[in-house]
Amino acid sequence: MKKTFKDINVTGKKVFVRVDFNVPLDESGNITDDTRIRAALPTINYLVKQNAKVILCSHLGRPKGVFTEKYSLKNVATRLKELLGQPIKMATDVIGASAKELTANMKEGEIVLLENVRFHAEEEKNDDAFAKELASLAEIYVNDAFGAAHRAHASTAGIARHLPAVAGFLMDSEILALTNATENAEKPLVCILGGAKVSDKIGVISALMTKANTILIGGAMANTFLVAKGYSVGFSKFEEDKVAVAKEIMEKAEQLNVNLVLPIDVVCGSEFSPNAKRKVQDANKIDKDFQALDIGKKTQKLFAKEIKNAKTIIWNGPMGVFEFKKFRKGTLAVAKAVAKSAAVSIVGGGDSVAAIQELGYANKVSHLSTGGGATLEFLEGSVLPGVAMLLDKEDGTKKVKTPDFEAMDKKTINKTAAKKPAPKTTVKSKATKTAATKTASSKPVAKTAADKAEVAKQASKPAAKTTAKAAAPKAAAATKTVAKTTTKTKK
């Protein structure tokens with residue numbers, strides 16, 4: 001169980017808070033969705049009321065280690081000021097003269113926002129000298145950026161070498177909600193997974209297979225499973241080098257008596273375009289001139305039935321091309337079904353959360369996760385550097401072994417320095433797609449043995465060590481209330 005800032009005295013102290021203000025922007029740099037800023041408000045307000053001196057740090061976009069006006073946090077500072085109703089002092093740098101001057105002369109209850117931490121290349125390299133500079137600005141470190149907790153960066157992990165590190169309200173609520181949903185879930189547990197690539201979700205599917213009763217698969221990743229079953233998918237996108245993996249996953253699900261459900265009908269488009277000609281077809285025989293871009297009405301009803309029977313729901317990823325109006329109905333249908341369910345529901349991923357919010361169902365979902373990659377890695381049992389580095393509560397619970405930051409640093413640097421080749425996503429040309437589809441499931445696939453080993457390894461993993469113990473229902477509810485997560489209305 002991790003310490004939060006409520007477990008320590010913050011009054012009069014300079015508190016360095018890593019928040020996640022990585023908000024979406026339009027072409028003019030205006031904020032189009034301030035959800036992540038709002039999510040940090042409970043932590044900021046608490047610290048202000050405790051008369052702490054609050055230093056906020058975040059990244060925005062991918063400026064690649066250089067100052068880029070487009071990714072400045074100036075607009076974030078303006079929005080934060082409006083939401084808090086109090087002045088925000090904005091530094092023009094991160095560890096330079098401006099930041100040092102503003103933080104050196106802070107009064108209790110004041111807030112200073114540093115400029116985009118990724119303007120320094122040292123941030124993503126988890127450079128220790130840079131982490132020390134960040135730490136020198138404060139006395140206590142609070143990590144409230146769950147969305148960046150899977151990164152071993154200077155402001156999410158390295159700084160913890162030099163300051164006592166605790167969780168904020170948002171971080172604490174994310175850990176509690178995701179732990180309870182996976183380790184202490186009331187059954188039946190229904191997992192809904194969507195998105196473009198099987199390769200992005202192999203670890204999650206394999207980990208959840210030992211816990212879930214039903215797994216619903218939609219989005220373009222479903223195409224790879226359809227090909228693995230020998231179906232014709234027209235010129236739909238699928239990962240040819242993951243067809244064998246999809247077969248192994250389906251075989252494993254059958255062995256474990258997990259109900260793995262694929263689309264039975266799909267909404268197809270004549271091209272990948274918002275203006276594409278639309279046609280609904282059975283999922284096992286898509287016309288050669290069309291591609292699957294959403295789940296159909298039969299699948300929507302099938303998925304809704306499974307969701308209705310659930311006691312716990314985990315949903316991550318859209319059912320179709322959500323950004324295209326013609327191909328977003330499947331995602332909206334799943335959002336409606338999840339909201340109507342009486343189950344404990346955890347929803348993560350940009351499009352999934354957007355669908356819930358668009359329909360006005362945010363208050364009908366138990367927990368909206370702010371994490372994308374972090375949520376997925378937590379679900380698959382990976383150690384998140386931003387969680388591992390937090391102090392453990394001294395309450396008799398088992399102490400978590402100090403994480404190997406050096407190994408985490410190398411892993412992060414290696415990922416940045418040596419980009420992995422993108423998974424092979426195949427779009428069959430109209431001249432060859434029919435023949436290719438017929439043979440896709442029968443021809444030898446490269447790395448079949450390696451893929452089999454990967455699935456077997458993931459599926460046989462022991463349950464991840466939880467970072468938070470199961471809390472009593474009242475305690476969990478209290479945590480969610482303080483963190484402004486929403487609790488499902490009883491029906």
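What the table shows:
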| item | result |
| --- | --- |
| Centroid-to-centroid separation of region 179-248 and region 87-147 [C-alpha atoms, Å] | 40 Å |
| Tensor-based shape of region 289-357 (alpha-carbon gyration tensor, a/c under 1.5 rounded, otherwise prolate or oblate) | oblate |
| Heavy atoms of Tyr46 accessible to a 1.4 Å probe, total area in Å² rounded to 10 | 50 Å² |
| Amide H within-cut-off set for Ser369, under 5 Å, with H built and near neighbours excluded | Val347, Gly348 |
| Taking N as its residue count, the alpha carbon Rg of region 219-373 over 2.2 N^0.38 Å | 1.04 |
| Which listed pairs, of Lys279/Lys301; Lys64/Lys125; Lys2/Lys74, have C-alpha distances above 21 Å, in listed order | Lys2/Lys74 |
| For Met90, residues with placed amide H under 5 Å, excluding near neighbours | Leu113 |
| Ordering of 332-340, 265-273 by packing [mean C-beta count within 10 Å, highest first] | 332-340, 265-273 |
| Long-range HN-HN contacts of Lys53 with modeled amide H, under 5 Å | Gly12, Lys13, Lys14, Val15, Gly109 |
| Net length gained if the chain between Asn51 and Lys308 were fully extended (0.36 nm per residue, minus Cα distance) | 87.9 nm |
| Calculated from backbone phi, Karplus (6.51, -1.76, 1.60) coupling profile of region 138-153 in Hz, x at Gly/Pro | 9, 10, 9, 10, 10, 9, 10, 9, 4, x, 10, 5, 8, 9, 8, 9 |
| Proximal aspartates and glutamates relative to Lys393, as straight alpha-carbon distance under 13 Å, when same-chain residues fewer than 8 apart are discounted | Asp7, Asp172 |
| Where region 236-392 is the region considered: accessible area per residue in Å², 1.4 Å probe | 40 Å² |
| Hz values of 3J(HN,Hα) by residue in region 36-42 - Karplus curve (6.51, -1.76, 1.60), Gly and Pro given as x | 5, 5, 4, 5, 8, 4, x |
| Listed residue (Ile346, Gly373, Asn363) projecting farthest to the positive dipole end of region 322-385, Cβ model | Asn363 |
| Approximate spin-label separation Thr92-Arg38, in nm, with each point projected 7 Å along Cα-to-Cβ | 3.4 nm |
| Anisotropy class of region 199-250 from Cα gyration tensor, a/c 1.5 cut | prolate |
| Protection proxy ranking, peptides 349-361, 163-175, average beta carbon neighbours within 10 Å, highest first | 163-175, 349-361 |
| Prolate/oblate/rounded label for region 1-156 (Cα gyration tensor, a/c 1.5) | rounded |
| Computed label-point distance, nm, for sites Ile8 and Asn275 using a 7 Å Cα→Cβ extension | 5.7 nm |
| For region 368-378, 3J(HN,Hα) per residue [Karplus equation, 6.51 cos²θ - 1.76 cosθ + 1.60, θ = phi - 60°, Hz, x = Gly/Pro] | 9, 7, 8, x, x, x, 5, 5, 4, 5, 5 |
| Length gained when the stretch Lys393-Lys187 is fully extended (0.36 nm per residue, less Cα-Cα span) | 71.2 nm |
| Kirkwood Rh (inverse of mean 1/r, distinct Cα pairs), region 151-224, angstrom | 14.9 Å |
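The values are calculated or read from the model by the stated rules, or taken from the named source; none is laboratory data. Model, not experiment: these values are computed from the prediction. Here Cβ is always computed from backbone atoms with ideal geometry, including for glycine, and neighbour counts include all displayed protein chains. Side chains included, ligands, DNA and RNA excluded: accessible areas come from the protein's heavy atoms. Shrake-Rupley method; radii C 1.70, N 1.55, O 1.52, S 1.80 Å.
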